[in-house]
Amino acid sequence: MPNLLTRRKFFESAAVLAGAVAWPALPAWMPRLAFAPKHSAPRGDTLIVVFLRGAADCLNVVVPHGDQAYYAKRPTLGIPRPDDNKAKANLRAIDLDGFFGFHPNLKPLMPAWQAGHLAIVHACGAPDESRSHFKAMELMERGVDDEKGPASGWIGRHLATLDTGNRSPLRAIGLGQLPQRSLGGSVPVSALRSIADFHLGGDLKALAQMRAALTSLYSGDDPLNIVGQETLDIMDAVQALDPLGYTPAITNNQYPETEFGLGLKQIAMLIKAEVGLEVAAIDLGGWDTHFAQGGSEGLMAGLLKELGDGLAAFHEDTTNYADRLTIVTMSEFGRRVQENGSLGTDHGHGSLMMLMGGHVMGNKVHGQWPGLADSQLVGPGDLAVTTDYRDVLAEVCLKRLNNPAVDQIFPNYKATPRGLLRA
């Protein structure tokens, strides 16, 4: 009977609702949401972390067209200079500052760049030189130097170290089949299917029964009941969302009809619904381009189009929220400077990060460029790292997330301010 439902039973039932029930099949494009545990924290910006899994070739994302060694080492894969009249205009790099340029498929990001809402940190990455996808992602998402560090993720520690009273169960979400490692914390991460499950694919009768039981259970006025009522309010808010009927506030761009694009669309919807979202993590995979990587066209160009179209649509869709958003794009490492014999690139070292938002020191490529001449490379021929990725993330935490506990978020690391964001 509903009025006999204990809190323990509730959480067991909620877990079932979240993931264990065999929901009817959803459209293949509909991303799944994985919800992090509840915490309280200050409401700084909403942070969106985009992880490019597979080690994106940063040299063909933001092209150092002013470095002669780039073209010497990439006779096939190099992106033509912006002024290379021998190449078609739509295949040339898009100049940013006379030295660097976007891959042509990132053209949709130019409005964000020109508005000062987008910055690049080049030659950025982690100190780990294993060139192992698994190890590099593991250490980077935990924000540590080696396996001896804490098992939790850096986002999980951010969420655990500050409290401003945000009790929303939608405080942090991970989109994908599994929650991102960076969200890991002291409380186990639970999984919740996509928003669409709440009102399209779910058992509405069972959901109504659960809601009635929860209403009865949390009818008092003690602190736990107040938390329970807030949870019910969030459930109502999520149920009221209509992911298939959501109309983005965009005219110049469209979200890609992919898991990545539609994941960004759901994040935008949650931000506008003001359900307490503070952090969202989303992945875009497929960047391990050992074979047939392509240049201005081809495999990687397709991934960049998906990335550029998605971020451009999100930027336009959330323009009115730009002062409360910070988007970070990162990858576990970069690729070898010299192209290989399979028309691809092998695992490298230095990478790049993108920062987008209303308080980014945008319209600028940040970081010290180490150069691509043989004497300037590291290891077997890789771009050197001149900015530790933790410097970037620590500055985001300090200036935009109102969290000064960067020594706990990134233990045993002293972050250096890089002037990437305004407080």
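The values are calculated or read from the model by the stated rules, or taken from the named source; none is laboratory data. Note that the structure is predicted; figures quoted are calculated from it, not measured. Positions of Cβ are generated from backbone atoms using ideal geometry, with glycine treated the same way; all protein chains shown enter the neighbour counts. Just the protein is used for accessible areas: all its heavy atoms, side chains included, with ligands, DNA and RNA removed. Shrake-Rupley method; radii C 1.70, N 1.55, O 1.52, S 1.80 Å.
Some values worked out for this structure:
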| quantity | calculated |
| --- | --- |
| Enumeration of residues in region 301-320 that are touching a Pro at 6+ places or on another chain (Cβ under 9 Å), open to solvent by 10 Å² or more (accessible area, probe 1.4 Å) and under 18 Å from Q114 (Cβ atoms) | D309, H315, E316 |
| Test for H117: is it more than 28 Å from G381 (Cα to Cα), in contact (Cβ under 8 Å) with a residue 24 or more places away in the chain, out of contact with any Cys (no Cβ under 6 Å at 6 or more places or on another chain) and of a type outside the set (S, T, N, Q) | yes |
| Positions within region 290-323 being within 19 Å of R92 (Cβ to Cβ) and assigned to a loop (DSSP other than H, G, I, E, B), in sequence order | Q293, G294, G295, S296, E297, G298 |
| Filter result for P108 (part of a helix (DSSP H, G or I), of a type outside the set (G, A, S) and either surrounded by 17 or more Cβ atoms within 10 Å (Cβ to Cβ) or out of contact with any Ser or Thr (no Cβ under 8 Å at 6 or more places or on another chain) (or both)) | yes |
| Enumeration of residues in region 65-102 that are within 17 Å of K364 (Cα to Cα), assigned to a loop (DSSP other than H, G, I, E, B) and touching a Gly at 6+ places or on another chain (Cβ under 8 Å) | H65, G66, A93, G98, F99, F100 |
| Residue, nearest to R324 (Cα to Cα), within region 409-423, restricted to residues that are modelled with pLDDT of 95 or more and either of a type in the set (V, I, T) or in contact with a helix residue (DSSP H, G or I) (Cβ under 6 Å, 6 or more places away or on another chain) (or both) | L421 |
| Residue tally, condition in contact with a Phe, Trp or Tyr (Cβ under 9 Å, 6 or more places away or on another chain) and of a type in the set (S, T, N, Q), over region 280-314 | 0 |
| Evaluation of N340 against (1) assigned to a strand (DSSP E or B); (2) over 19 Å from the mean Cα position of the chain (by Cα) (one fails), failing number | (1) |
| Residue within region 403-422 that is open to solvent by less than 10 Å² (accessible area, probe 1.4 Å) and at positive phi present | no |
